[in-house]
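Heads up, the thing below is written out as structure tokens.
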Amino acid sequence: MVARKVKRKLWNRFMLTLTVVATAVALVPLGSILYYVAVRGLPALNLDFFTKLPAAVGEPGGGLANAILGTIILVLLAGAMAVPLGILTGIYLAEFGRGRLAWTVRFLCDVLTGVPSIIVGIVVYSTVVLTMKRFSALAGGIALAVIMLPMVARTTEEILRLVPQSLREASLALGATRARTVRSVVLRSAMGGIITGVMLATARIAGETAPLLFTALNSRYWPGGLTDHIASLPVYIFTYSTTPYEELHRLAWGAALVLVVMVLATSIAARMAARRLNGGR
């Protein structure tokens, strides 16, 4: 009996050590990327970077203020289209979806999640850009919304399924309708997880480059409107990193650092919001 107890303790310590080592190994690539981007990007960050437009090719100075603003506009535009539709789709799948229609919607969401973003860009280019006869912020927002929609829908569905069935039954037993139970009990209980899913989907689309090359293209000027082409940080990173100019490489690293910080800030905000809505747990 003693030998068996010792054996179990040794096995427990071995597995604990193994998980700690695996976690450390998994963190090495993330830490290396953050460190390298910070080292290369920090020298490019100054007041001009956040307040000025890009300088002409070959000239020093300038900034990427238009690309930072453009990225924020594109993400907000995509979120305005995808978040309401995604959450409502998730509610339908979790609370009301039964039979062939729900299976089809769920299957299409799963397929759409796995479609490469460049394919989404080509489709939006063929249907929106060619129809409007111009690249635009609206087309870029639609492309990002198409990428974001299935992630929000499936995340919302999975989070809602985690809400205990007893809460729904208690609400219905008190006389509440099904719709009011979903709105006042189920959604309120799952709001922290839904916000986390939305924020993670937002962080995912913030770094997309391929669909924007086919839809929003790029611009050296301030955003003019939803029907004009618009600048974004991912496209500037791609464009500047492929030029032979060292000054543009420096700005590309600065843009990469700003984009990483934006994604990290979004993730941290999501976790803080989820913790607050869950009562600090």
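The values are calculated or read from the model by the stated rules, or taken from the named source; none is laboratory data. Quick caveat: nothing in here was measured; it's all calculated off a predicted structure. All Cβ positions, glycine included, derive from the backbone under ideal geometry; neighbour counts span all protein chains shown. All accessible areas refer to the heavy atoms of the entire protein, side chains included, with ligands and DNA or RNA removed. Shrake-Rupley method; radii C 1.70, N 1.55, O 1.52, S 1.80 Å.
Which one is farthest from residue 90 (Cα to Cα) among residues in segment 131-145 that are open to solvent by less than 50 Å² (accessible area, probe 1.4 Å) and not in a loop (DSSP other than H, G, I, E, B)? Please lay out each step first, then the result.
In the first step, residues of segment 131-145 are kept if they are open to solvent by less than 50 Å² (accessible area, probe 1.4 Å); the result is 136-137, 139-145.
From what is left, the residues that are not in a loop (DSSP other than H, G, I, E, B) are 137, 139-145.
Details: 137: 27, 139: 25, 140: 24, 141: 21, 142: 20, 143: 20, 144: 19, 145: 15 Å.
Step by step, filter segment 131-145, then rank; the result is 137.
Of the numbered conditions (1) at pLDDT 90 or above; (2) surrounded by fewer than 18 Cβ atoms within 10 Å (Cβ to Cβ), residue 124 satisfies every one except a single condition; which is it?
Failed condition: (2).
Residue check, residue 24 against (1) open to solvent by less than 70 Å² (accessible area, probe 1.4 Å); (2) of a type in the set (A, V, I, L, M, F, W, C); (3) under 19 Å from residue 252 (Cβ atoms), all met but one. Which one?
Condition not satisfied by residue 24: (3).
Determine whether residue 66 is surrounded by fewer than 21 Cβ atoms within 10 Å (Cβ to Cβ) and among the polar types (S, T, N, Q).
Taking the combined requirement at face value, the residue does not satisfy it.
Among the residues that make up segment 268-277, is at least one of them open to solvent by less than 30 Å² (accessible area, probe 1.4 Å) and outside any helix (DSSP H, G or I)?
no
Can you name the helices (runs of 4 or more DSSP H) wholly within segment 150-243 that have at least 3 residues being among the polar types (S, T, N, Q) and surrounded by 18 or more Cβ atoms within 10 Å (Cβ to Cβ)?
Values: elements: 165-173, 178-181, 187-206, 210-215, 233-241.
Passing ranges, in order: 187-206.
When residues of segment 70-101 are filtered for being open to solvent by 10 Å² or more (accessible area, probe 1.4 Å) and either closer than 24 Å to residue 140 by Cβ or out of contact with any helix residue (DSSP H, G or I) (no Cβ under 7 Å at 6 or more places or on another chain) (or both), how many remain?
First, the residues of segment 70-101 that are open to solvent by 10 Å² or more (accessible area, probe 1.4 Å): 72-73, 75-77, 79-81, 83-85, 87-89, 91-92, 94, 96, 98-101.
Cutting the leftovers down to either closer than 24 Å to residue 140 by Cβ or out of contact with any helix residue (DSSP H, G or I) (no Cβ under 7 Å at 6 or more places or on another chain) (or both) gives us 72-73, 75-77, 79-81, 83-85, 87-89, 92, 96, 98-101.
Summing the residues that are open to solvent by 10 Å² or more (accessible area, probe 1.4 Å) and either closer than 24 Å to residue 140 by Cβ or out of contact with any helix residue (DSSP H, G or I) (no Cβ under 7 Å at 6 or more places or on another chain) (or both) in segment 70-101 gives 20.
Could you check how many residues of segment 27-56 are loosely packed, with under 12 Cβ neighbours inside 10 Å and over 14 Å from residue 255 (Cβ atoms)?
Qualifying residue count for the region: 11.
Filter segment 227-281 down to residues that are among the aromatic types (Phe, Trp, Tyr) and either touching a Cys at 6+ places or on another chain (Cβ under 6 Å) or without any contact (Cβ under 8 Å) to a residue 60 or more places away in the chain (or both), then give me how many there are. Before the answer, list the steps.
Here is the first cut: in segment 227-281, the ones among the aromatic types (Phe, Trp, Tyr) are 236, 238, 240, 245, 253.
Of the ones still in play, those that are also either touching a Cys at 6+ places or on another chain (Cβ under 6 Å) or without any contact (Cβ under 8 Å) to a residue 60 or more places away in the chain (or both) are 238, 240.
So the count comes out to 2.
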